[in-house]
Amino acid sequence: MAFQPYVPPEQLIKDRSDYARKGIARGKSVVAVEYADGILFLAENPSVTLHKVSEIYDRIAFAGVGKYSEFEDLRIAGIRLADLRGYSYGREDVTAKTLANAYSQALSAIFTQQMKPYEVEILVAQVGDSPSETSLFHILFDGSVADEDGYVAMGGRAEELSDRLRESYTAGATLNDALAAAAQAITSVEERTFEPQGLEVAVLDRSRTRRKFRRLSPTEVGPLLEGGT
């Protein structure tokens with residue numbers, strides 16, 4: 001029988017946390033900002049096929065940073081759960097809170113029971129009929145959940161991004177102003193400028209019928225970054 005050395009639980013948790021944080025730190029940042037008509041998502045992502053921000057359900061979106069294969073597995077699982085719940089009960093029973101709880105339980109189990117934790121941070125967001133009904137749930141690699149308000153920053157430099165957003169965020173801002181604030185935060189932290197082709201931008205727009213999620217193309221993002229309307 002192979003000898004298994006004893007590792008104190010607190011050391012094991014610390015080692016797993018450090019491992020996950022290092023993996024997440026290598027990922028590019030994602031920012032979500034509430035604006036007058038919904039929620040804006042901005043990610044540094046030059047790929048046109050490997051998305052970091054995606055639709056989960058009619059009013060719900062998912063964003064992830066870290067190891068792509070792992071948060072993509074979580075995204076697919078979320079879609080399956082949402083479809084099953086919507087089909088079994090009703091579309092109004094599919095909420096960001098329900099999905100956030102499921103993700104929290106799954107990530108907590110992976111963190112405590114498996115040798116390698118997931119190297120991911122995820123965001124589950126839901127837009128309501130009014131700004132007061134908007135939800136932003138930030139879930140960490142160990143299953144911790146935070147109910148955020150106004151804006152969320154994820155990635156290796158999340159604290160710096162949050163500081164920048166705290167300075168520039170304005171409740172009820174236009175899409176143009178929200179995008180400018182998000183882009184300025186990433187630009188100042190990374191200390192370089194970004195072309196529209198290097199950014200992934202999407203919105204949950206409450207003014208749209210039924211499906212609220214929409215991606216913005218580089219041709220749409222360019223004028224907004226330049227101050228257009």
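Below is a table of values for the structure above.
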{"item": "Residue in the range 144-153 that is within 29 Å of Glu191 (Cβ to Cβ), assigned to a loop (DSSP other than H, G, I, E, B), touching a strand residue (DSSP E or B) at 6+ places or on another chain (Cβ under 9 Å) and of a type outside the set (A, V, I, L, M) present", "result": "yes"}
{"item": "Residues (of a type in the set (Ser, Thr, Tyr) and either closer than 30 Å to Gly23 by Cα or part of a helix (DSSP H, G or I) (or both)) located in the range 74-130", "result": "Tyr87, Ser88, Thr95, Thr98, Tyr103, Ser104, Ser108, Thr112, Tyr118"}
{"item": "Scan of the range 120-155 for residues that are closer than 18 Å to Gly27 by Cβ, surrounded by fewer than 23 Cβ atoms within 10 Å (Cβ to Cβ) and in contact with a helix residue (DSSP H, G or I) (Cβ under 6 Å, 6 or more places away or on another chain), ordered by number", "result": "Asp142"}
{"item": "Cβ pairs under 7 Å, 6+ apart, first in the range 27-40 and farther than 16 Å from Ser162 by Cβ, second of a type in the set (Lys, Arg)", "result": "Asp37/Arg206; Gly38/Arg206; Gly38/Lys212"}
{"item": "Selection within the range 91-114 - closer than 18 Å to Ala61 by Cβ, more than 16 Å from the chain's Cα centre (by Cα) and surrounded by 20 or more Cβ atoms within 10 Å (Cβ to Cβ)", "result": "Val94"}
{"item": "Tabulated pairs, the range 46-58, first within 17 Å of Asp93 (Cα to Cα) and among the acidic types (Asp, Glu), second assigned to a strand (DSSP E or B) and at pLDDT 95 or above, C-beta under 7 angstrom, 6+ apart or interchain", "result": "Glu55/Ala61; Glu55/Phe213"}
{"item": "Among residues of the range 25-55, those that are crowded, with 23+ Cβ neighbours inside 10 Å, in contact with a strand residue (DSSP E or B) (Cβ under 6 Å, 6 or more places away or on another chain) and over 20 Å from Ser188 (Cα atoms), counted", "result": "4"}
{"item": "Lone qualifier among Thr170, Thr187, Thr193 - being in contact with an Asp or Glu (Cβ under 9 Å, 6 or more places away or on another chain) and either in contact (Cβ under 8 Å) with a residue 12 or more places away in the chain or among the hydroxyl-bearing types (Ser, Thr, Tyr) (or both)", "result": "Thr170"}
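The values are calculated or read from the model by the stated rules, or taken from the named source; none is laboratory data. Bear in mind that the values here come from a model prediction, so they are computed numbers and not experimental data. Heads up, the Cβs are rebuilt from the backbone with ideal geometry, glycines too, and the neighbour counts pull from every protein chain shown.
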